[in-house]
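Here the structure is laid out as structure tokens; the discussion comes afterwards.
The values are calculated or read from the model by the stated rules, or taken from the named source; none is laboratory data. Owing to the predicted nature of the structure, the values given are computational and were not obtained by experimental measurement. Note: ideal-geometry Cβ built from the backbone for every residue, glycine included; neighbour counts use all protein chains shown. In case anyone asks, the SASA skips ligands and DNA or RNA and just uses the protein heavy atoms, side chains included. Shrake-Rupley method; radii C 1.70, N 1.55, O 1.52, S 1.80 Å.
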Amino acid sequence: MITFRRASKAAIKWASLATLKLRAAMGAKARYNCTACGQNVVGFFRYGDNARWGCPACGASPRQRLVAYLLDSGVLKVPAGGRVLHIAPNEAGLVKRFSAQTTDYVPADLYPEVYALKGVVRLDLMQFDAPENYDIIYASHVMEHVDDDAQVLANMFAALKPGGEAWLIVPLWDRPTEDGHGGMSQRERERRFGQWDHIRQYGPDFADRIRNAGFALDLIAASGIDASLRERHALDDVVFRARKL
Ligand SMILES: [Zn+2]
């Protein structure tokens, strides 16, 4: 479903990207750096309310750059020989990073056929039953799509080895989480949750849902990172690191 709001967001994004390309062509200094692809860039393109959203070289989002930064700085650590499950593996920079960290990298999605990436396995998180299989589960902008997030969090908890971690990112607003229901139309979802296939919109209480599934939780926010690094890499967003002790 393409709404006017979505179409105008896309138009502004492309205009902003074109401006960056023109500035680069005219010799503007590449003062910034994308942690996802490693390229130095003249700036980042606008998307929605974020004036410094996308990398002009690889398209990486602020959250993708944040996770790449956390990998670089060793905050997100894949244990030697560790098994990594990457759900919705549409972030090329991170696919590369995770694959470089371990030979046991498993990209997965409910709809593997939509990916150009080879080897994506079919995984329905609602039916996910793989006890103590993974060291790291990474799921960015996934939880707002699943039918029953308590069930999915419980399944993730079970699928992690002891000491394993789920790294979760969701769209957030500052109000309490609002859950949708089965009868909601796509138009209603788009209006309330910003996208036709979002089942809910999370608020800060997403943290409680994670803890209720048995996890210990750390919040890792871009705002806590040194300002000059945050500026250089245009880092943004918050990661929920859910640890199975
Ligand atoms: Zn990039």
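Set side by side, the residues LYS96, LYS118 differ, and just one is without any contact (Cβ under 8 Å) to a residue 40 or more places away in the chain and within 16 Å of the ligand (Cβ to nearest atom), which is LYS96. A single member of ALA51, ALA15 is away from the ligand (no atom under 15 Å from the Cβ), more than 16 Å from the chain's Cα centre (by Cα), under 20 Å from ALA221 (Cα atoms) and open to solvent by less than 60 Å² (accessible area, probe 1.4 Å), and it is ALA51. Filtered by the rule that a residue be part of a loop (DSSP other than H, G, I, E, B), within 12 Å of the ligand (Cβ to nearest atom) and free of Cβ contacts under 8 Å to residues at least 24 places away in the same chain, the stretch 27-42 gives ALA30, GLY38, GLN39.
Within the stretch 122-153, the set of residues being touching a residue at least 60 places away in the same chain (Cβ under 8 Å) and out of contact with any Lys or Arg (no Cβ under 9 Å at 6 or more places or on another chain) comprises just one member, TYR138. The listed residues are ALA24, ALA7, and the only one of them that is surrounded by 14 or more Cβ atoms within 10 Å (Cβ to Cβ), of a type in the set (A, V, I, L, M, F, W, C) and either under 22 Å from TRP173 (Cβ atoms) or more than 10 Å from the ligand (Cβ to nearest atom) (or both) turns out to be ALA24.
Within the stretch 123-157, the residues that satisfy the criterion of being open to solvent by 50 Å² or more (accessible area, probe 1.4 Å) and not in a loop (DSSP other than H, G, I, E, B) are MET126, GLN127, HIS145, ALA150, GLN151, PHE157. Scanning the stretch 58-88 for residues that are within 11 Å of the ligand (Cβ to nearest atom), among the aliphatic types (A, V, I, L, M) and either open to solvent by 60 Å² or more (accessible area, probe 1.4 Å) or not in a loop (DSSP other than H, G, I, E, B) (or both) returns a single hit, ALA68.
Quick test for you: out of GLU165, GLU188, pick the one residue that is out of contact with any Phe, Trp or Tyr (no Cβ under 7 Å at 6 or more places or on another chain) and closer than 25 Å to PRO62 by Cα. I'd like the intermediate steps shown before the answer.
Values: GLU188 fails: closer than 25 Å to PRO62 by Cα.
Of the residues listed, the single one that is out of contact with any Phe, Trp or Tyr (no Cβ under 7 Å at 6 or more places or on another chain) and closer than 25 Å to PRO62 by Cα is GLU165.
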